Amino acid sequence: MASIAQLLARAADLHRRAASYVLDAEAAVERLSGDEFDAATTDVAVRRLAEHLQGLARAGLPGWLSRPLNASTMGQALGSDAALSGPLWLKIGEAWPLRDAMFWAVAPFVGAGHLTIDTDARDRQVAAWLRGILLRTVAALPEGTVRVVPVDGAMLGAAFTAFRPLVDAEAWALPVTDLAGFRTALTEAEQHIATVQSGDQPQPAVLIIAVAAFPAGAGRNEWSRLAAIAHAGPACRVHLLLAGQPPALDNTTMITTLGDGWWRMSEPPGPQTLSTDRGGLPAPIRLDAGASEDVVAEVCRRMATTAAISRRTDFAALMPDPIWRRSSAAGLRAVAGRDARSPFTLSLDDATPHMLLAGRSGAGKTNVLLVLLYALASHYSPDELGLYLLDFKEGVSFVEFTPTVNDPSWVPHARTVGIESDREYGLAVLHTLSREMTRRAGALKAAGVTKLADLRQASPDVAMPRLVVVIDEFQVLFAGNDTLAHDAVAALEELARKGRSYGIHLILASQTIAGIEALYTKKDSIFGQFPLRIALPGGSGILDPGNTAADALPVGSAVVNASGGVAEANRIVRFPHADPASLAAQRHALWQARPPVNDPPSVFAGYAEHHITDDPLYQALTPSVRRRQALVGRAVDVGLPSVGFALDAVPGRHLATLGTSIIGADILHAAAMSLARQHQPGSARFVIGGFAANADPIVDDLVAHLTATGHDVVEADAGRLRELLSELADPDGPGRPTYLVLFAADVIVPLLSERGPNRQTGLDDLRTVLRQGPGRGIHMLSWWRIARRFSDATGGAAGREDIACLVALNVPGTELSSLLGDHTITWQSRANRALLLDRHDQRQRLIVPFVRPGRQEGLDEPN
């Protein structure tokens, strides 16, 4: 067996690893020859060596790392005795090789390994020692760099009472007292390690799992997880401080009791050894006296003052500089908030593909969405990330991503933005994404892979960004129990189940997910695909039943749960305030860095008017078109395509708008203007009849416009119109294109019903024109305020096909169904919307009708 001198020499070798006194230790050992070591078997030599080691320890362990933790030390400066760049060595006790010879026993902790002791903190000596180790660590390292998760399964957290100021300042987590909480702590450590290993957090804070006593029920599963954490933790700044019969762990200095207040210290982690048989320090030790609760509480109050300030999260500080340095091949990750002083990283990948967000009104859903989306958009370029954003509430959550009159910038990643979206628009977006998913599936099959990450790895040049789809107040999309709701559920379910494989991620936000009738039978199959949950104050409904952690949260905080809502996986995260100035600054930075080919997003603003003169298709119309069409509005669809009716030679190609709303007159105005652009001046005749006083300004404007552009315009009163209908019904009538544009045509139905000298009525001529006119270039554009008169005038059921192109405004759905003989139509009139019906091609589309500028502001009646 080696002599005491040789063993203590090896102990000196351990102390030499302390960075602050490496040179002194090496010089001292070099002065000792091998013979001198062999001769150090006398007490005198042992005392001399112990004194030397003690001197080295005093020189190498300044301030909080070794000083007595009493009133004399409380004034010591905080955060200046150690750095995160190297291993932290600290005093854990006193080694006594002889009764009158002592030196400090030191061990590496943060940056090197873990510390365990085989007696829990119900032993007062161990409790004081444990407090001392924690206090030395957090006081010596720079402030704000250490987060502690305390676990006390025997005394309901009493072992950590003195550290309460740091808990209140959110620098520490609340003490864990049961097995479920212990498992959550282990999960946090595992996630911390995974985040660092992924490269998303290159300079993480220190995470310490401090166990004063293991909770009842901890067993093989927990020991296995501890073993994995102990192995991988030091490289990721995750460290364990465990009291109470922990298992043997890698990278750990273990302290075991010898009885009568004496303890044994094992070999520390690393290549150095304290004895030839690796039995640890051969001298028994007394535990460091540690710290009283009063001393700890006073020092923690000092730390809490700065912790309260440092926990405030700044939006600008979360944004990366430089931007767009990450690849989204394996998923999306971005720091978006703070868990106490530790960064919170949002992950959308194969493990957590989709997210639910909930909170009561005013809880900050919009703010959280803006922070998350701007963080992602700042880390990933538009080639790596695309955004589809839908807002169903009466707000402007996503205007920040679009160009406006006052600010032409936009977030380059935004592809589609819906503001105050219609359900139909939401469904159209889901269908667009379904088609994109099908396209991507084909690309994956062609490449012989099953996941987007595999395709990106096999073909790095393939431009296939991940797509994030955000639907705010998503429950509106499924309101009611109609066909649209069922179609939306089917589309959402498909995206939720398959999207992860194709890089499509869903974020659904709402105040609650309860009471959505269309989802009653689909909740598990859809929401089961959403493991990531963020519950803001009042949003506990998206967590597991009984998990009410979000109920008492302050505004600005959230419960983040990556395990589908189970209470054991709760994390409390604080999100920064996305103030308008910071958002604008970051948006401009992204916009200025956009690629050369980057169009603004397609924006659908549910409240916005659309005017024919601003329409791109209208502006592109020329007389050289192959088939003339009357434009009536823009479809509630992705891209807001312009829509209208082709007016060709097929019988029935006439247009009628139905409803008392004056917008019916606006639609006729737009349709006539669009047709005029498709004719050479003077080559077509426009017969215009206005029979309602509220339509006179529109009629006057249309006549003035057509006249100014060189077209042949005839204004007709009721008598003149009857004469013209007789002429137009004549097969030998005018041979040039003619458009009958009738405003409030229902007014003249009684007059047209009267029989003339030849027993022919004006309605007979009208019906002849409707049937035969298109073949001779004659088309009627009409606005009917009374649907029944429209039906009577056109011949009832027998004449349904004679006017095939209809635009329904404020017509009751039942009346419209009866009029058309189609009871599958489910139409509910609403402001600034119309239903386009083309009975020839069985087309139904919700549209935003073209209106006169300022129409919505001055409209007293619904459409």
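Model label points for Thr824 and Lys451, set 7 angstrom from Cα along the Cα-to-Cβ axis, are 4.2 nm apart. Working note: Karplus 6.51/-1.76/1.60 with θ = phi - 60° gives region 747-755 the couplings 5, 9, 4, x, 5, 5, 6, 6, 8 Hz, where Gly and Pro are set to x. Between the amide H of Phe850 and those of Gly633, Arg634, distances stay under 5 Å, these residues lying 5 or more places away or on another chain, with hydrogens modeled in the peptide plane.
Surface composition of region 263-303: carbon and sulfur atoms hold 48% of the protein heavy-atom accessible area at a 1.4 Å probe.
Round to the nearest 0.05 the FRET efficiency obtained for Arg771 and Asp599 when R0 = 41 Å and r is the Cβ-Cβ distance.
Computed FRET efficiency for Arg771 and Asp599 comes out at 0.35.
Between the alpha-carbon centres of region 105-182 and region 480-539 there is a gap of 41 Å.
Can you classify region 217-333 as rounded, prolate or oblate using the Cα gyration tensor, where a ≥ b ≥ c are the square roots of its eigenvalues, rounded means a/c under 1.5, and otherwise it's prolate if a/b beats b/c and oblate if not? Oblate is the answer for region 217-333, as a/c is 1.5 or above yet b/c matches or exceeds a/b.
Quick one: grab the alpha carbon gyration tensor of region 386-541, order the square roots of its eigenvalues as a ≥ b ≥ c, and give me rounded if a/c is under 1.5, else prolate or oblate depending on whether a/b is larger than b/c.
Oblate.
Taking each residue as 0.36 nm, the span from Ala693 to Ala581 lengthens on full extension beyond its C-alpha to C-alpha distance by 35.4 nm.
Relative to the longest principal axis of the Cα atoms of the chain, the long axis of helix 220-232 lies at roughly 90 degrees.
Between Ala414 and Leu387, the built amide H atoms are under 5 Å apart, and every one of these is 5 or more places off in sequence or on another chain.
Counting protein heavy atoms only, region 528-637 has 53 percent of its accessible area on carbon and sulfur, 1.4 angstrom probe. For the chain, the solvent-accessible area of protein heavy atoms averages 39 Å² per residue (probe radius 1.4 Å; ligands and nucleic acids excluded).
For the chain, what number of Lys pairs, 8 or more residues apart or on separate chains, have alpha-carbon atoms under 18 Å from each other?
Values: Lys365/Lys393; Lys445/Lys498; Lys451/Lys498; Lys498/Lys522; Lys498/Lys523.
Step by step, the pairs that qualify in the chain add up to 5.
Distance between the modelled labels on Asp551 and Arg302, one decimal in nanometres: 4.1 nm (7 Å Cα→Cβ projection). The string of couplings for region 319-336 from the Karplus curve (6.51, -1.76, 1.60, θ = phi - 60°) is 6, x, 9, x, 8, 6, 10, 10, 9, 9, 4, 9, x, 10, 9, 7, 6, 10 Hz, one whole number per residue in order, with x for Gly and Pro.
In the list [x] 70, 36, 22; [y] 81, 23, 21; [z] 50, 38, 24, the label attached to semi-axes √(5λ) of the Cα gyration tensor in Å as derived from the coordinates here is [y]. Once the Cα atoms are used to define both axes, helix 483-498 deviates from the longest principal axis of the chain by about 30 degrees. For the chain, find the longest principal axis of its Cα atoms and tell me its angle to the long axis of helix 762-772, 0 to 90°, nearest 10. That works out to roughly 60 degrees.
Which percent of the accessible area of region 130-224 is formed by carbon and sulfur heavy atoms (probe 1.4 angstrom)? Whole-percent figure for carbon plus sulfur exposure: 51.
When Val741, Val462 are compared by accessible area at a 1.4 angstrom probe, the order from most to least is Val462, Val741.
You can think of it this way: the chain between Asp614 and Ser327 has 99.4 nm of extra reach, that is 0.36 nm per residue less the Cα-Cα gap. Descending by average beta-carbon neighbour count within 10 Å, the peptides 347-354, 233-240 line up as 233-240, 347-354, the highest first.
The values are calculated or read from the model by the stated rules, or taken from the named source; none is laboratory data. All of these numbers come straight from a predicted model, not from anything done at the bench. Cβ: placed from backbone, ideal geometry, glycine included. Neighbour counts: every protein chain shown. These accessible areas exclude ligands, DNA and RNA; they are computed on the full protein's heavy atoms, side chains included. Shrake-Rupley method; radii C 1.70, N 1.55, O 1.52, S 1.80 Å.
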